[in-house]
Amino acid sequence: MIRAVAAALLLTTAATAQEAPPGAFSESRALPGLTAPGEIIIDRAGIPHIYAANARDGFFLQGYAVARDRLWQIDLWRKRGLGRLSASFGAQFIAQDRAARLLLYRGEMAAEWAAYPSQAKGWTEAFAAGINAYVADVEAGRAPLPIEFSATNTRPERWQADDVVRIRSNALASNLTSEVVRARALCGGDLKYELLRRELAPAHTVSIPKGLDPCSIPADVLDDYALGTGDVRFDGQKIVVASLDPDIQEGSNNWVIGAGKSATGRPILANDPHRAHAVPNLRYLSHIDTPELKIAGSGEPALPGISFGHNENVAWAITIFAIDQQDLVVNPKATKLTEVRERIEVKGEPPREVVLKFTDDGPIIHEDPTSGRSFALRATWTKPGASAYFNASWAWTAKTWDDFLVARDHWGAPPLNLLFANRAGDIGWAPGGFVPVRAAGDGLLPVPAGKVHRWTGLLDAKLMPVKHNPADGWIATANEMNIPAGYPHMLGLEWADRSRITRISEVVGSKPKFGLTDAMALQNDPTSPMARRAVALLQGLAGRDANERGALALLGNWNGHEGPDSAAAALYEIWAARHLAASAVKAIVPEAARRNFGRTSIGNILPVLEDGKLLGPDSAALRAEILLGSLGLAFAETARLLGPDPATWRWGALHRADFQPSLPIAGRDAERRVGPVPIGGSGSTPMAMGTGPDFRVVSGASVRVVMDVGAWDNSMAINTPGQSGDPASPHYRDLFARWATGNYVPFVWSRPRVLQEAERIINVTPGR
């Protein structure tokens, strides 16, 4: 069979020159480790379409293609995750290496691989071998060494399959950071003000676990956790836990439209995961076509296959589903800790020995020398089968809803809303992820060590809620609380606000038929229901000075559309990010309780202002004071930033996409920078564009995919700024302008269409 397929591939390769566009460039490579001839066809958007004689070769060539585009990025990912930064970059990374090693999977590898499909280890070995084949080309001078390696005087390392699944620190998980912030706030604080800090859903009253002193949680308890999960910083600045900042908004949107509501007569499945932006970004589009496996979609470049996308029959999409998969466990003084000693290689210096400490609950992420207490991270990612996104491998061969539920049953991390559609017209929602069953408590605060607050196991995945072929013909998720009423099991209480799902539901629900162009427009919709809620609270108020009157005039009839040219959006975002929440906390929370209160955001403040119960007996007057006072301050600040005339204000003057690599290289930074460009949207719009403290875009959808289920050639996608991490490549920034303006490129599937889009054809044969 393999010989027949190889012969067919040779014939196909010979005919490629006639089938491909006249401008397509062709080259040949002999690759040791490949078993039969194949092709990597790079399309005009830089997306590799891989044709191989068998699935093993398909993953080998995917590894080779990824390394060709993203070698520095994936090499750094591996070194960071395994705790090998010091070996390349020196002693300043010893602490980060030690922290990363605390978070590795340390169970039996046989049990880990047994949690995935039987072919998964072989596929991953092939993927790693493909990366290593490209590294060998670099070492032999057949391929260029990326400039980052030259700038740091380092070299890429070789991969093993176990490296991919042992690294756990790339999984989004919750809610360790919010446990710590909540405990710190309750040290001298009052439970009744918790609503101002974080809205819980379903509605829930916070209680302090028996035996926990909130004041026992040190301010620096998460320093090692931040190091172990954080990006590599070459500027010497301290790594902090990004999710402690309520203005950092990472999430995702997805929706599936059933055939009856679809303008195509087939299901439409759309996905735009939101993560921190970078250059190159976190996602990579690819397509593998082999006799036994055909998949196309997006994933993280250091992982084989795809995280979401489609095969011949089924498409699936993902968003974070906020299962609480973590607890901080407080150990009393003199708790017996297990020690593991490891050697860290250090560039230019002798190796260092570090001590890693563990309890049965998990790694010790902090020891407090003053009190003698230690703090363990209890997390589901220590269990077999919790490698991030790796259980998508169960979906690669799915054909039916029941097949897809097998993927749901195995899903470990991160916890996800899994949306499904197939060519038969089925659609569905099946959230997945390991759910800890707590003997007591709700997971909202750290817990004392011991049996009372132990985990008794994991929830049977078959008890998770599902939705299959709903009567209204569509399903959408946007990280909101979407657990059905009356569901009996505790999954989590901390969700994203409902702004994005509110707008998505408005748009989808308003259209009798919903098409591919509608899906692309909705992924780029800059309308904020959050802003509309805030503006609604201003109705009937009268300004007391020029700033307040000017602000009310600008926002009074505004519809929440946050385009880059919007003056109202600029004022609203400055008000929401810098003034409204701070003013509300100052007015409502007594001074003594504000010491450790921390920051909050407008999404938590608005429900309190709308409800009024926490505002006291004269709630209307206090609400008006909070709104008007903060709005006047915001108007004055906007004038300082954008000039005295509101007619000239533009949201895009502050809100810009400007991507810069994390590694500065003298004399090369200008060519590696992508941007800046003005851009609309915000963290509360479907076109999610989370902002940093200076209003620069820091997170959102790097990749967007819209799939026409069954007519796969009609699918569309965009990645930003490009597929390649090499600034000399035409695909380093070529998609940035399209992404910023809401445009897409074809994400084709059939070989004829792939050849029509071909820019470069790499013919590969086995080498020695």
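Restricting attention to the range 396-449 and to residues that are acidic (Asp, Glu) and touching a helix residue (DSSP H, G or I) at 6+ places or on another chain (Cβ under 6 Å), the residue that is farthest from Ala386 (Cα to Cα) turns out to be Asp426. Checking the range 696-714 against the condition returns a match, with at least one residue being over 24 Å from Asp525 (Cα atoms), at pLDDT 95 or above and either of a type in the set (Lys, Arg) or in contact with a helix residue (DSSP H, G or I) (Cβ under 8 Å, 6 or more places away or on another chain) (or both).
Once the range 375-432 is narrowed to residues that are of a type in the set (D, E, K, R) and more than 30 Å from Cys215 (Cα to Cα), the residue that is surrounded by the fewest Cβ atoms within 10 Å (Cβ to Cβ) is Asp402. Taking Val240, is it of a type in the set (Val, Ile, Thr) and either buried (at least 19 other Cβ atoms within 10 Å of the Cβ) or at pLDDT 95 or above (or both)? It is false that Val240 is of a type in the set (Val, Ile, Thr) and either buried (at least 19 other Cβ atoms within 10 Å of the Cβ) or at pLDDT 95 or above (or both). Among (1) touching a strand residue (DSSP E or B) at 6+ places or on another chain (Cβ under 9 Å); (2) closer than 23 Å to His310 by Cβ, there is one condition Gly692 misses while meeting the rest; what is its number? Condition (2) is where Gly692 drops out. Among the residues of the range 456-476, is any in contact (Cβ under 8 Å) with a residue 24 or more places away in the chain, under 25 Å from Pro607 (Cβ atoms) and of a type in the set (S, T, N, Q)? No, because not a single residue in the range 456-476 is in contact (Cβ under 8 Å) with a residue 24 or more places away in the chain, under 25 Å from Pro607 (Cβ atoms) and of a type in the set (S, T, N, Q). Counting only strands (runs of 3 or more DSSP E) that sit completely within the range 25-144, those holding 1 or more residues that are of a type in the set (Gly, Ala, Ser) correspond to 25-32, 38-43.
Summed over the range 600-621, the residues that are over 15 Å from Val589 (Cα atoms) and among the aliphatic types (A, V, I, L, M) give a count of 4.
Can you tell me how many residues within the range 158-188 are part of a loop (DSSP other than H, G, I, E, B) and crowded, with 17+ Cβ neighbours inside 10 Å?
9
If you take the residues in the range 492-503 that are part of a helix (DSSP H, G or I) and crowded, with 24+ Cβ neighbours inside 10 Å, which one is farthest from the chain's Cα centre (by Cα)?
Applying the filter and picking the extreme gives Arg503.
Taking (1) outside any loop (DSSP other than H, G, I, E, B); (2) in contact with a helix residue (DSSP H, G or I) (Cβ under 8 Å, 6 or more places away or on another chain); (3) over 21 Å from Glu342 (Cβ atoms) in turn, Ala151 satisfies each apart from (2). One residue stands out among those in the range 302-330 that are among the aromatic types (Phe, Trp, Tyr) and within 14 Å of the chain's Cα centre (by Cα): the one that is nearest to Ile268 (Cα to Cα), which is Phe308.
All of (1) over 26 Å from the mean Cα position of the chain (by Cα); (2) at pLDDT below 95 hold for Gly265 with one exception: (2). Across the range 279-294, the qualifying residues are those that are among the aliphatic types (A, V, I, L, M) and more than 15 Å from Ile41 (Cα to Cα), and the one among them that is surrounded by the most Cβ atoms within 10 Å (Cβ to Cβ) is Val279. Here Gly428 qualifies as of a type outside the set (Val, Ile, Thr), at pLDDT 95 or above and under 25 Å from Leu269 (Cβ atoms). Listed conditions (1) touching a helix residue (DSSP H, G or I) at 6+ places or on another chain (Cβ under 7 Å); (2) closer than 24 Å to Gln237 by Cα; (3) part of a strand (DSSP E or B) are all met by Asp658, apart from (1). Among the residues of the range 212-236, those that are assigned to a loop (DSSP other than H, G, I, E, B) and either modelled with pLDDT of 95 or more or of a type in the set (A, V, I, L, M, F, W, C) (or both) comprise Leu212, Asp213, Ile217, Pro218, Ala219, Asp220, Val221, Leu222, Val232, Phe234.
Yes or no, residue by residue, for (1) buried (at least 22 other Cβ atoms within 10 Å of the Cβ); (2) touching a Ser or Thr at 6+ places or on another chain (Cβ under 8 Å); (3) without any contact (Cβ under 8 Å) to a residue 12 or more places away in the chain; (4) farther than 20 Å from Pro607 by Cα:
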position: Asn482; (1), (2), (3), (4): no, no, no, no
position: Lys513; (1), (2), (3), (4): no, yes, no, yes
position: Ala521; (1), (2), (3), (4): no, no, no, yes
position: Leu538; (1), (2), (3), (4): no, no, no, no
position: Leu580; (1), (2), (3), (4): yes, yes, no, no
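Taking the options Phe404, Phe434, Phe390, Phe420, name whichever one is farther than 28 Å from Glu179 by Cα, out of contact with any His (no Cβ under 9 Å at 6 or more places or on another chain) and modelled with pLDDT of 95 or more. Sole residue among the options that is farther than 28 Å from Glu179 by Cα, out of contact with any His (no Cβ under 9 Å at 6 or more places or on another chain) and modelled with pLDDT of 95 or more: Phe404.
Touching a residue at least 60 places away in the same chain (Cβ under 8 Å), of a type in the set (A, V, I, L, M, F, W, C), surrounded by 17 or more Cβ atoms within 10 Å (Cβ to Cβ) and in contact with a Lys or Arg (Cβ under 6 Å, 6 or more places away or on another chain): is that true of Ala133 in this structure? So Ala133 fails the test.
The combined condition, being polar (S, T, N, Q) and surrounded by 23 or more Cβ atoms within 10 Å (Cβ to Cβ), is not fulfilled by Thr517.
When His453 is tested against (1) under 20 Å from Val256 (Cα atoms); (2) buried (at least 22 other Cβ atoms within 10 Å of the Cβ); (3) over 23 Å from the mean Cα position of the chain (by Cα), only condition (1) is not met.
Here Ala670 meets the list (1) surrounded by fewer than 22 Cβ atoms within 10 Å (Cβ to Cβ); (2) in a strand (DSSP E or B) almost entirely, failing just condition (2).
Condition check for Arg544 on (1) closer than 30 Å to Asp645 by Cβ; (2) surrounded by 19 or more Cβ atoms within 10 Å (Cβ to Cβ): one failure, at (2).
Might you check whether a residue that is part of a strand (DSSP E or B), closer than 20 Å to Gln723 by Cβ, out of contact with any Phe, Trp or Tyr (no Cβ under 6 Å at 6 or more places or on another chain) and modelled with pLDDT under 95 occurs anywhere in the range 1-24? No - not one qualifying residue is present in the range 1-24. Considering the conditions (1) under 23 Å from Arg70 (Cα atoms); (2) among the aliphatic types (A, V, I, L, M); (3) surrounded by 22 or more Cβ atoms within 10 Å (Cβ to Cβ); (4) out of contact with any helix residue (DSSP H, G or I) (no Cβ under 8 Å at 6 or more places or on another chain), Ala317 is excluded by exactly one of them, (1).
The values are calculated or read from the model by the stated rules, or taken from the named source; none is laboratory data. From a predicted model like this one, the values you see are computed outputs, not experimental measurements. So basically every Cβ, Gly included, is an ideal-geometry build from the backbone, and we count neighbours across all protein chains shown.
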